[in-house]
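Enquirer: Just passing along the structure, written as structure tokens.
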Amino acid sequence: MNVVMIGAGYVGLVSGSCFAEFGANVICVDLDQAKIDRLNDGRIPIYEPGLEDLVSRNAQSGRLSFTVDLASSVKQADLIFIAVGTPSRRGDGHADLAYVYAAAKDIAANLSGYTVIVNKSTVPVGTARQVERIIKETNPDADFDVASNPEFLREGAAISDFMRPDRVVLGVESERAEKLLRELYRPLNLIEAPIQVTNLESAELIKYAANAFLATKISFINEMSQLCEAVGADVQAIAKGMGLDVRIGKKFLHAGPGYGGSCFPKDTLALVRIAQEHGVSSRIVEAVVEVNAAQKAKMVKKIRHALGGSEAGKTIAVLGLTFKPETDDMRDAPALSILPPLCDKGAHIRAHDPQGMEEAKSLLPDSVVYTQTAYEAVTDADIVVLMTEWNEYRGLPMAKIKALMRGNIFVDLRNVYEPEKMREAGFVYYGVGR
């Protein structure tokens, strides 16, 4: 089976590589010649555990290739996946579909024989219909179907999510399209992965609904963390007590500085806009967005309070910059909201992150100093702020950390460490909701 992946970004590269691992012949197409050149040289433009080996193995086998030549690639395709970016549109929060629609026009002009065009990008309800319209208007004689196949990949665990999914959602309107997509995903039959077949609109909305619900759990426990601090409760005990209820579950009940990344911020905002367009209330999701923004602002106040009310002239060691561990993604990372206000008020920030520092340099104030190790970051610091729970920060030798520091304040925004043990080690410790 011949598969073309339009877009060699995070979703396209991971999905294309995994389809190649399934045995399909996959061509990843991208307009960025520099990115394609890097991929053809074996250099991966993003950090995702296991991806470099997966790409290398399938490229060497001849099942995976990279090109900027969309026209010739489309002509030989059985399935074409649109996996381009859909960022929040500046000004109104709607998903920007310019790249999706441009891809649809380019695909239409080069179709040859029956082809299924599949939206893999996260897109608002009704996008598949618009893609179908664009293709019909551009090429009235084209023999094709449009489908929706949303991705549910977690950064840092994307390959395992693809290979062992909770479910595969197929939005289709013809038996031919369903048959081709089922054949592509046939290797998952061995692990009996559920395949849910729906109409186009349901498939498009499932992704937004799932992400909004997970974001709701995060905002809920973060709101509870504020109440815990006010009444003297421990948010981790609250989360455990809730999570042991099988109707609720323990995942995404971790208090912290707020959610970030490529999905939750833009998808919750887009879902609010979709509801507004259709005259439907979305008050819960609106509150989720508001609580998340407020949580990040409260983290600035927490750090300032820990420093006695002013960060001016203080050296802050920041451990972790990416929105979560095992990724180099800085999109909407809490650090982008928390660190600039501290810099503006005169803080001297020394930061370390295992993978995110190069990306952070273009997004954070120029005054931020980046260090090669966590130990270098904490040297002579007045305060340490644990921003992202990378594994290498989970078992730091606290006696050494304290000896390197000038001060003794530790602000743990991920609740990695036990408060009592930290206080016994001589730190003034601040967690979230503890």
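Enquirer: When residue 243 is evaluated against the numbered criteria (1) surrounded by fewer than 21 Cβ atoms within 10 Å (Cβ to Cβ); (2) farther than 27 Å from residue 20 by Cα; (3) touching a Leu at 6+ places or on another chain (Cβ under 6 Å); (4) touching a residue at least 24 places away in the same chain (Cβ under 8 Å), which criterion, by number, is the only one it fails?
Expert: Only one criterion in (1) surrounded by fewer than 21 Cβ atoms within 10 Å (Cβ to Cβ); (2) farther than 27 Å from residue 20 by Cα; (3) touching a Leu at 6+ places or on another chain (Cβ under 6 Å); (4) touching a residue at least 24 places away in the same chain (Cβ under 8 Å) is unmet by residue 243, namely (4).
Enquirer: What are the residue pairs meeting all of these: first residue in segment 179-203, first residue hydroxyl-bearing (Ser, Thr, Tyr), second residue surrounded by 15 or more Cβ atoms within 10 Å (Cβ to Cβ), Cβ atoms under 7 Å, and 6 or more apart or on different chains?
Expert: 185/168; 185/195; 198/169; 198/171; 202/171
Enquirer: So, residue 433, is that one under 29 Å from residue 154 (Cα atoms), in the same structural domain as residue 239 (by TED's automatic domain parsing) and without any contact (Cβ under 8 Å) to a residue 12 or more places away in the chain or not?
Expert: No; evaluated as a whole, the condition is false for this residue.
Enquirer: Okay, moving on. Does segment 310-320 contain any residue that is closer than 27 Å to residue 89 by Cα and under 17 Å from the mean Cα position of the chain (by Cα)?
Expert: Within segment 310-320 (the criterion being closer than 27 Å to residue 89 by Cα and under 17 Å from the mean Cα position of the chain (by Cα)), the answer is no, since none of the residues qualifies.
Enquirer: In segment 138-160, what residues are without any contact (Cβ under 8 Å) to a residue 24 or more places away in the chain and touching a helix residue (DSSP H, G or I) at 6+ places or on another chain (Cβ under 9 Å)?
Expert: Correct list: 154 only.
Enquirer: Let me ask something else about it. Mind listing whichever residues of segment 312-349 are crowded, with 22+ Cβ neighbours inside 10 Å, under 18 Å from residue 409 (Cα atoms) and without any contact (Cβ under 8 Å) to a residue 60 or more places away in the chain?
Expert: 339, 342, 347, 349 - these are the residues of segment 312-349 that are crowded, with 22+ Cβ neighbours inside 10 Å, under 18 Å from residue 409 (Cα atoms) and without any contact (Cβ under 8 Å) to a residue 60 or more places away in the chain.
Enquirer: For residue 213, all conditions in the list (1) part of a helix (DSSP H, G or I); (2) over 27 Å from residue 272 (Cβ atoms); (3) free of Cβ contacts under 8 Å to residues at least 60 places away in the same chain hold save one; what is the number of the exception?
Expert: (2)
Enquirer: Continuing with this model, one more query. Kindly list the number of the only condition in (1) assigned to a loop (DSSP other than H, G, I, E, B); (2) among the aliphatic types (A, V, I, L, M); (3) surrounded by fewer than 22 Cβ atoms within 10 Å (Cβ to Cβ); (4) touching a residue at least 40 places away in the same chain (Cβ under 8 Å) that fails for residue 253.
Expert: (4)
Enquirer: OK, next. Within segment 1-56, work out how many residues are in a helix (DSSP H, G or I) and free of Cβ contacts under 8 Å to residues at least 24 places away in the same chain.
Expert: Final tally of qualifying residues: 6.
Enquirer: May I pose another question? Could you check segment 70-100 and list, in sequence order, the residues that are of a type in the set (Gly, Ala, Ser) and either assigned to a strand (DSSP E or B) or within 14 Å of residue 119 (Cα to Cα) (or both)?
Expert: Hits for segment 70-100 are 83, 85, 88, 95, 98.
Enquirer: Scan segment 365-423 residue by residue and report those that are out of contact with any Cys (no Cβ under 6 Å at 6 or more places or on another chain), of a type in the set (Ser, Thr, Tyr) and surrounded by fewer than 22 Cβ atoms within 10 Å (Cβ to Cβ).
Expert: Matches in segment 365-423: 370, 371, 373, 375, 379, 417.
Enquirer: Looking at 240, 296, which is the one that is under 30 Å from residue 90 (Cα atoms) and either in a helix (DSSP H, G or I) or not assigned by TED's automatic domain parsing to the domain that holds residue 432 (or both)?
Expert: The match here is 296.
Enquirer: On to the next question. Check 55, 4 and return the single one that is under 18 Å from residue 109 (Cα atoms) and surrounded by 20 or more Cβ atoms within 10 Å (Cβ to Cβ).
Expert: 4
Enquirer: Have a look at 68, 14 and point out the one that is surrounded by 22 or more Cβ atoms within 10 Å (Cβ to Cβ) and at pLDDT 95 or above.
Expert: It is 14.
Enquirer: Would you please name the residue that is nearest to residue 230 (Cα to Cα), looking only at residues in segment 263-308 that are among the polar types (S, T, N, Q) and buried (at least 21 other Cβ atoms within 10 Å of the Cβ)?
Expert: That would be 295.
Enquirer: Whether any residue in segment 97-105 is of a type in the set (D, E, K, R) and in contact (Cβ under 8 Å) with a residue 40 or more places away in the chain is what I want to check.
Expert: no
Enquirer: For segment 28-63, which positions are on the phi < 0 side of the Ramachandran plot and over 24 Å from the mean Cα position of the chain (by Cα)?
Expert: Across segment 28-63, the qualifying residues are 33, 37, 40, 41, 57, 58, 59, 60, 61, 63.
The values are calculated or read from the model by the stated rules, or taken from the named source; none is laboratory data. Because the structure is a prediction, the values reported are computed rather than measured. Neighbour counts are summed over all protein chains in view; Cβ atoms, including those assigned to glycine, are modelled from backbone coordinates with ideal geometry.
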